[in-house]
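Remarks on the structure that follows.
The values are calculated or read from the model by the stated rules, or taken from the named source; none is laboratory data. As the structure is a computational prediction, the values presented were derived from the model and not from experiment. Here the Cβ positions follow ideal geometry from the backbone for every residue, glycine too, while neighbour counts run over all protein chains shown.
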Amino acid sequence: EVQLVESGGGLVQPGGSLRLSCAVSGLTFRNYWMHWVRQAPGKGPVWVARINSDGSSITYADSVKGRFTISRDNAKNTLYVQMNSLRAEDTAVYYCAKGQVGSSMVLFDRWGQGTQVTVSS
Amino acid sequence: DIVMTQSPDSLAVSLGERATINCKSSQNILYSSNNKNSLAWYQQKPGQPPRLLIYGASARESGVPDRFGGSGSGTDFTLTISSLQAEDVAVYYCQQYYDTPGTFGQGTKVEIK
């Protein structure tokens, strides 16, 4: 069974940093592009970033470019996002999500349960 | 960015009746190279992540009941639940994956009448 389990969320002050992790099991992790998607309360999901199978190709949403860094460790089957200079508008549930095998498309066929990030003083 | 607009924002349907949700994209999301529409539908129940129902505008994801159907092409798309069941109460989102940032619609809340 495919499982994606996020961790690392919490309450952080504006300007602070947080690192989220996503442990993946039940599939050959290195075969998939991986994504972070976030969802603010009462709003639709918003794509944040993607990374290819070996980490050599990365794309960010304009809203997080220069502040967030996506990475992966294929030996540990884990996806990461380092979030710096956090703002109130970054408050959301953050999901990791997988694409279809070998595809870079921002189409998500499995999602984790999400981790809450709250940016507030 | 491509803007996705859903209608209605909410609808109440009797059990066993048909539910129809519309989605319009601000530009054509049909790939001419493979003649496939880059349009997906997701279902989200409270406290859960979104679940992929439909991709390519009309292809059902594995395990999705056949009462869920997708149609449309170009800029106009529809999700139909042919016979609404109690477990279908949820918010439904369309999403274009033609290009990043893979924008979602605002969501349609489906309830039981």
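Across the range B:1-48, the number of residues qualifying as among the acidic types (Asp, Glu) and away from chain A (no Cβ under 12 Å) comes to 1. Residues that are small (Gly, Ala, Ser), modelled with pLDDT of 95 or more and over 11 Å from the mean Cα position of the chain (by Cα) within the range A:24-52 comprise A:Ser25, A:Gly26, A:Ala40, A:Gly44, listed in sequence order.
When every residue of the range A:60-68 is checked against the conditions, none turns out to be among the aliphatic types (A, V, I, L, M) and out of contact with any strand residue (DSSP E or B) (no Cβ under 8 Å at 6 or more places or on another chain).
The residue of the range A:56-102 that is farthest from the other protein chains (Cβ to nearest Cβ), among those that are polar (S, T, N, Q) and either touching a His at 6+ places or on another chain (Cβ under 6 Å) or within 18 Å of B:Thr103 (Cβ to Cβ) (or both), is A:Ser63. For B:Ser71, the conditions (1) among the polar types (S, T, N, Q); (2) farther than 21 Å from A:Trp47 by Cβ; (3) not in a strand (DSSP E or B) all hold with the exception of (3). For the range B:1-59, the strands (runs of 3 or more DSSP E) that sit wholly inside it and include 3 or more residues that are within 29 Å of A:Asp62 (Cα to Cα), in contact (Cβ under 8 Å) with a residue 12 or more places away in the chain and not β-branched (Val, Ile, Thr) are B:4-7, B:19-25, B:39-44, B:51-55.
Could you tell me whether any residue of the range B:73-81 is at the interface with chain A (Cβ under 9 Å from one of its Cβ atoms) and more than 11 Å from the chain's Cα centre (by Cα)? No: the range B:73-81 contains no residue that is at the interface with chain A (Cβ under 9 Å from one of its Cβ atoms) and more than 11 Å from the chain's Cα centre (by Cα). Can you name every residue in the range B:98-111 that is within 13 Å of the chain's Cα centre (by Cα) and either in a loop (DSSP other than H, G, I, E, B) or within 14 Å of chain A (Cβ to nearest Cβ) (or both)? B:Thr103, B:Phe104, B:Gly105, B:Gln106, B:Gly107, B:Thr108, B:Lys109 - these are the residues of the range B:98-111 that are within 13 Å of the chain's Cα centre (by Cα) and either in a loop (DSSP other than H, G, I, E, B) or within 14 Å of chain A (Cβ to nearest Cβ) (or both).
If the condition is being touching a residue at least 60 places away in the same chain (Cβ under 8 Å) and not in a loop (DSSP other than H, G, I, E, B), then the range B:80-97 contributes B:Thr80, B:Ile81, B:Ala86, B:Asp88, B:Tyr92, B:Tyr93, B:Cys94, B:Gln95, B:Gln96. Is it fair to say B:Ser62 is farther than 19 Å from B:Val13 by Cα and either in a loop (DSSP other than H, G, I, E, B) or in contact with a Phe, Trp or Tyr (Cβ under 7 Å, 6 or more places away or on another chain) (or both)? Yes, satisfied.
Taking the condition within 14 Å of chain B (Cβ to nearest Cβ), among the polar types (S, T, N, Q) and either in contact (Cβ under 8 Å) with a residue 12 or more places away in the chain or not in a strand (DSSP E or B) (or both), does A:Ser53 pass? It is false that A:Ser53 is within 14 Å of chain B (Cβ to nearest Cβ), among the polar types (S, T, N, Q) and either in contact (Cβ under 8 Å) with a residue 12 or more places away in the chain or not in a strand (DSSP E or B) (or both).
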